[in-house]
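Derivation of every value follows stated rules applied to the coordinates shown; laboratory data play no part. Keep in mind that this is a model prediction, so the values were computed, not measured. All Cβ positions, even for glycine, are placed from backbone atoms using ideal geometry, and neighbour counts span all protein chains on display.
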Amino acid sequence: MKILVVNAGSSSLKYQLIDMDNKSVLAKGLCERIGIDGSNLQHTCVVKGLDKIKIENPMKDHGDAIKMVIDALIDTEHGAISSMDEIGAVGHRVVHGAEEFTDSTIITEAVLKQLEKCTPLAPLHNPPNIIGIEACKKIMPNTPMVAVFDTAFHQTMPPEAFMYALPYEYYEKDRIRKYGFHGTSHKYVSQQAVKILGKPAEELKIVTCHLGNGSSITAVKGGKCIDTSMGFTPLDGVPMGTRTGSMDPAVMTFLMNKGMTAQEIDDLVNKKSGVAGVSGVSSDFRDLDDAVLEGNERAKLALDMFVYQVRKYIGAYAAAMGGIDALVFTAGIGENNGPMRKDIVSGLEYMGIAIDDEKNLTRGTVDVSAADARVKTLVIPTDEEMMIAIDTQRLVEG
Ligand code: ADP
């Protein structure tokens, strides 16, 4: 079966066409600036080994974008299939499934209605996801569609982990609780880790660290998420590129009392903080590494803060699970920054975690554990599109 994976943002649409028979990417690309001047499609036909092409063409909405994607996919030169009918199903990334969705789901009219109910919890992200679904349904009315949620994997958290200690009615009326994000990535890498470890998922306690522009840590016990570091929104947890991560919430009211508006504070904590805010250098960890080499103290402080908080979560989640069998690193930083992985686990030898310097230089999926480590430390490149395709196939084939 060939599956089209769609990730629709407010003015962009990313896609991958995946052949599930051999789990290979046939084509991929991105529509940018949908609905604004300079709309363009960047498309790569992977299966023919062709270079990326860029087509500038007005796209007034996501419907136009999907049409362009299909045209590119069936193009005689740059296409990967001969007709749209070859697409067996479409898997859509949806950011927020709230408590409504504990797993990926086949999209029906009833599901679309339920999705609308989740929108207040992700007002910036869910609406474009829904528009993407509607646009695809119009063009491919007979193709099954599946929604895969960033939050669904975390729905197995027990109440003691997901509740906030607000008066209970704030949970009941406003649905304020921890939801967690990056679920598709945590699910994918934890399942890959189970395969590598060669034991039943039920017997394993795994901590997965998705460290990128946004970072989150998840405790996976018996194949299920029991806790995760992001919360009601993706602001919670460890410091990130431009996000604060956890801090005393009273800082917000303190700033409000000083005259800042809710919008200004939202901007401050989401877009101007994190390692960028502390260092004053950049949100990109590579820039920070360069700055540290030049002796920049605040860049060093920002990185130290990040490393410290990630390490703390690993310890906390080992405590929450009653042990740890494997630690997994993924995403931009987790996959590529070996020295940072080493820093994060330093001092965790007492828990049986240690990294081998030589193995830590290797790229790709790799076991970087020291020979005498009780806990496996694995680097596993994440693949959210593949996870979406796997779930889509599972649901469509029943
Ligand atoms: P996003 O959350 O936007 O998907 P990524 O997972 O791509 O982000 O992570 C971005 C971060 O990963 C940046 O801070 C960047 O410095 C880091 N990163 C990406 N590639 C490398 C690399 N080859 N070496 C070191 N760091 C990298």
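Here are the numbers:
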read-out	value
Packing-based exposure ordering (other Cβ within 10 Å, fewest first) of CYS225, CYS136	CYS225, CYS136
Fewest-first sequence of HIS182, HIS125, HIS43 by Cβ atoms within 10 Å of each Cβ	HIS125, HIS43, HIS182
Those residues of the range 247-275 whose amide nitrogen sits under 13 Å from the label point placed on TYR170, 7 Å along Cα→Cβ	249-253
Between 0 and 90°, nearest 10: helix 126-139 axis offset from the chain longest Cα axis	20 degrees
Trypsin sites (Lys or Arg not before Pro) within the range 243-317, DSSP loop, no more than 14 other Cβ atoms inside 10 Å	LYS258, LYS272
VAL94 long-range amide H proximity, modeled H, under 5 Å	VAL148, PHE149, ASP150
Degrees separating the helix 183-197 axis from the principal Cα axis of the chain, which is the longest one	70 degrees
Two-site FRET efficiency, GLU397 against TYR308, from Cβ-Cβ distance with R₀ of 51 Å, rounded to 0.05	0.65
Dipole magnitude of the range 2-149 about its Cα centre (Cβ charges: Lys, Arg +1; Asp, Glu -1), debye to nearest 20	180 debye
Calculated FRET value between GLU134 and SER83, using beta carbons and R₀ = 35 Å, to 0.05	0.95
Average Cα contact separation per residue, the chain, under 8 Å, 6 or more apart, as relative contact order %	14 percent
Selection from PHE149, TYR317, MET68 lying farthest towards where the dipole of the chain points positive, charges on Cβ	TYR317
Additional length obtainable on full extension of the chain from LYS300 to ASP248, 0.36 nm per residue less Cα span	16.4 nm
Selection of GluC sites (Glu not before Pro), the range 307-388, meeting DSSP coil and at most 11 other Cβ within 10 Å	GLU358
Per-residue ³J(HN,Hα) for the range 371-378, Karplus 6.51 cos²θ - 1.76 cosθ + 1.60, θ = phi - 60°, Hz, x for Gly and Pro	4, 9, 6, 6, 9, 7, 10, 10
Calculated from backbone phi, Karplus (6.51, -1.76, 1.60) coupling profile of the range 118-125 in Hz, x at Gly/Pro	7, 4, x, 7, 9, x, 8, 9
Relative contact order (percent, whole number), the range 132-182, Cα cutoff 8 Å, 6+ residue spacing	37 percent
Scattering profile of the chain at q = 0.13 Å⁻¹ [log10 I(q)/I(0), Debye over alpha-carbon scatterers]	-1.21
DSSP beta bridge pairing in the chain, given as percent antiparallel to the nearest 5	70 percent
Within-14-Å neighbourhood charge of VAL328 [Cβ basis; K, R +1; D, E -1]	+2
Length gained when the stretch LYS67-ASN257 is fully extended (0.36 nm per residue, less Cα-Cα span)	63.4 nm
Estimated [θ] at 222 nm from DSSP helical runs (n ≥ 4, -39500 (n - 2.57)) normalised by residues in the chain, nearest 500	-11000 deg cm²/dmol
Fraction of beta bridges assigned by DSSP in the range 2-149 that are antiparallel (%, nearest 5)	70 percent
